[in-house]
Amino acid sequence: MKKTCQLLALIAILFLAAGCELDRKKILTVEQLPEAAQTYIKENMGDAKVLYVKKEKKNFKTRYEVKFDNQMELEFDSNGEIYDIDVDN
C-alpha cells in the first residue's frame with residue numbers, strides 16, 4: 001500500500017511538472033498583450049508588422065517578447081512596461 005501511494009505521488013508530481021513546463025512559453029496575439037504594451041506598439045511602431053508575440057514565464061515572472069518585420073524586438077514586463085529594445089542587423 002505504501003509503495004502504491006508513493007508511486008501515485010510521483011506520477012502526480014511528474015504530471016504537475018510537465019504541465020508547468022508547457023505553460024512557460026506561449027505564442028499570443030497582440031490583443032492578448034497588456035494594455036500598456038499594446039498602446040506602446042500602436043504609438044511607436046508605425047507600419048511595422050508583428051511577426052510573433054511570445055509570453056514567457058520564468059522564476060515567477062512574466063515577460064512578453066514582440067518581434068517585428070523590421071528586425072526590431074521589444075520586451076515588456078507583466079504590466080506591459082517596456083524594458084528592452086533589440087535591433088538585428
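Could you grab me the full set of residues in the range 50-80 that are under 19 Å from K26 (Cα atoms) and open to solvent by 60 Å² or more (accessible area, probe 1.4 Å)? L51, Y52, K57, K58, N59, F60, K61, R63, S78, N79, listed by residue number.
Residues are listed down the side, and each one gets a yes or a no for (1) part of a strand (DSSP E or B); (2) touching a helix residue (DSSP H, G or I) at 6+ places or on another chain (Cβ under 7 Å); (3) modelled with pLDDT under 95:
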position: A9; (1), (2), (3): no, no, yes
position: K55; (1), (2), (3): yes, no, no
position: N79; (1), (2), (3): no, yes, no
position: Y83; (1), (2), (3): yes, no, yes
position: N89; (1), (2), (3): no, no, yes
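The single condition among (1) assigned to a helix (DSSP H, G or I); (2) modelled with pLDDT under 95 that A36 does not meet is (2).
The values are calculated or read from the model by the stated rules, or taken from the named source; none is laboratory data. Just so we're clear, the structure is a prediction, and the values are computed from it rather than from any experiment. Cβ sites come from the backbone with ideal geometry, for glycine too, and all protein chains shown count toward neighbours. Just so you know, the surface numbers come from the protein's heavy atoms only, side chains and all, with ligands and any DNA or RNA stripped out. Shrake-Rupley method; radii C 1.70, N 1.55, O 1.52, S 1.80 Å.
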